[in-house]
Amino acid sequence: MKTDLFLLGFLAIFTLHSGNVLGQDTSQVETSEKYSGPIIDMHMHTGLPHEVPPGIPSLCRPAPCEGDGRAIVNSGELLNRTIEKMDSLNIEKAFLSGVDWAAVQEWKRSAPDRFIASPFILEPGEAHLKKLKQEYEQDRFTAMGEIGVQLSGIAPNDPAMDPYFKLAEERDLPVLIHTLGIGPYTPHFRSAAGNPLLLEDVLKKYPKLRLFVENAGYPYAEEMIAMMYQYPQLYADVSTITWVIPRAAFYDHLEKFVRAGLGKRILFGSDQMVWPDKIGAAVEAIQQAPFLSAEQKQDIFYNNAARFLRLKSAEK
């Protein structure tokens, strides 16, 4: 009897010890599955679409909240800090846009191999479109967007946007669009104009359009997933929600796409505006995601963007 009790006690201790070890090993596997290769940042800016004072805290949601970054509004200083962050994080290329097209061109000239130059589109119009066509004809831009007309209360399927999408399809441009439920506190912003289902009219008219949606359409997860299932040319980037909303809310949104089998169509983007430190925060959010394998992180950080952009090195 004593022998039986001894054996039972020994087995209980061994099982408990083994469970702890296994638990530690699992944790170590999760925390060690970091991606260390090159990164493509598919969402970066030369500034905000509106002026802000230097040093203003970074954006955050939901209010009341307070951001932890400090804005750099000088374009030259912001460029230098951005390049420093890109170098330290192994970001080899970034999709860059800004309302100040001259600033976008200056950044591109400063680091021609690092930036994909693209115009931020806020207010569509005939004169604006004419100028934009000239920029493309002179090869000053090789992409389109961020299309941020939602900030002006304009939905993506508004007829005013047709000439822009037509131009992008004709020139086979990768296009970034702001179509989601949240945005800056601008007077005309409308959350209802950000439902990803509104993109269906666009993709029916322009089936060859290479389009990616920032923030993966947050918080319209089901609508965005439905659109991505139906339209294989549609991708999603993670951008601001990596750092502007609570981490748990971001993970909840991202995991829905991964569980839906869309891990090959998610793009990394920091949405750096005037807070270059947030590039690191965006990278960290993906690196620490407990439900992503190292392979999935590699897809998000590099492979998916390389495929979408049709780079020669489609996968690393």
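The values are calculated or read from the model by the stated rules, or taken from the named source; none is laboratory data. This one's a predicted model, so the numbers in the text were calculated from it and none came from an experiment. All Cβ positions, glycine included, derive from the backbone under ideal geometry; neighbour counts span all protein chains shown.
One residue is enough: does the stretch 146-155 have a residue meeting the conditions in a helix (DSSP H, G or I), within 24 Å of Lys204 (Cβ to Cβ) and acidic (Asp, Glu)? It would help to see each step written out before you state the result.
Filtering the stretch 146-155 for residues in a helix (DSSP H, G or I) gives 149-152.
Filter once more, keeping what is within 24 Å of Lys204 (Cβ to Cβ): 149-150, 152.
Filter once more, keeping what is acidic (Asp, Glu): none.
Looking through the stretch 146-155, none of the residues is in a helix (DSSP H, G or I), within 24 Å of Lys204 (Cβ to Cβ) and acidic (Asp, Glu).
Counting only residues that are within 21 Å of Ala168 (Cα to Cα) and touching a Pro at 6+ places or on another chain (Cβ under 6 Å), how many does the stretch 218-242 have? Full working, then the answer.
Residues of the stretch 218-242 that are within 21 Å of Ala168 (Cα to Cα), as a first pass: 227-228, 230-237.
Restricting the remaining residues to those that are touching a Pro at 6+ places or on another chain (Cβ under 6 Å) gives 227.
Matching residues across the stretch 218-242 total 1.
Going through Leu180, Leu199, Leu176 one at a time, which residue ends up being crowded, with 20+ Cβ neighbours inside 10 Å, of a type outside the set (Phe, Trp, Tyr) and in contact (Cβ under 8 Å) with a residue 60 or more places away in the chain?
Details: Leu180 fails: in contact (Cβ under 8 Å) with a residue 60 or more places away in the chain; Leu199 fails: in contact (Cβ under 8 Å) with a residue 60 or more places away in the chain.
It is Leu176.
Scan the stretch 202-227 residue by residue and report those that are in a helix (DSSP H, G or I) and either modelled with pLDDT under 95 or buried (at least 17 other Cβ atoms within 10 Å of the Cβ) (or both).
The answer is Val202, Leu203, Glu214, Asn215, Ala216, Gly217, Ala221, Glu223, Met224, Ile225, Met227.
Does Leu167 satisfy the condition of being part of a strand (DSSP E or B) and either in the same structural domain as Ile279 (by TED's automatic domain parsing) or not polar (S, T, N, Q) (or both)?
Values: part of a strand (DSSP E or B): no; either in the same structural domain as Ile279 (by TED's automatic domain parsing) or not polar (S, T, N, Q) (or both): yes.
Spelling it out, it is not the case that Leu167 is part of a strand (DSSP E or B) and either in the same structural domain as Ile279 (by TED's automatic domain parsing) or not polar (S, T, N, Q) (or both).
Would you say Glu295 is in contact (Cβ under 8 Å) with a residue 12 or more places away in the chain and either on the phi < 0 side of the Ramachandran plot or of a type in the set (A, V, I, L, M) (or both)? Walk me through it before giving the result.
Values: in contact (Cβ under 8 Å) with a residue 12 or more places away in the chain: no; either on the phi < 0 side of the Ramachandran plot or of a type in the set (A, V, I, L, M) (or both): yes.
No, not satisfied.
Got at least one residue in the stretch 120-142 being part of a strand (DSSP E or B), under 27 Å from Asp87 (Cα atoms) and under 23 Å from the mean Cα position of the chain (by Cα)? Steps first, answer last, please.
Kept after step one, since they are part of a strand (DSSP E or B), are these residues of the stretch 120-142: 121.
Those left that are additionally under 27 Å from Asp87 (Cα atoms): none.
No, the conditions are met nowhere in the stretch 120-142.
Which members of the stretch 252-262 meet the condition of being assigned to a helix (DSSP H, G or I) and surrounded by fewer than 19 Cβ atoms within 10 Å (Cβ to Cβ)?
Step one: filter the stretch 252-262 for residues assigned to a helix (DSSP H, G or I), giving 252-259.
Hits for the stretch 252-262 are Asp252, Glu255, Lys256, Val258, Arg259.
For the stretch 273-296, which positions are under 17 Å from Gly261 (Cα atoms) and buried (at least 23 other Cβ atoms within 10 Å of the Cβ)?
The answer is Leu292, and nothing else.
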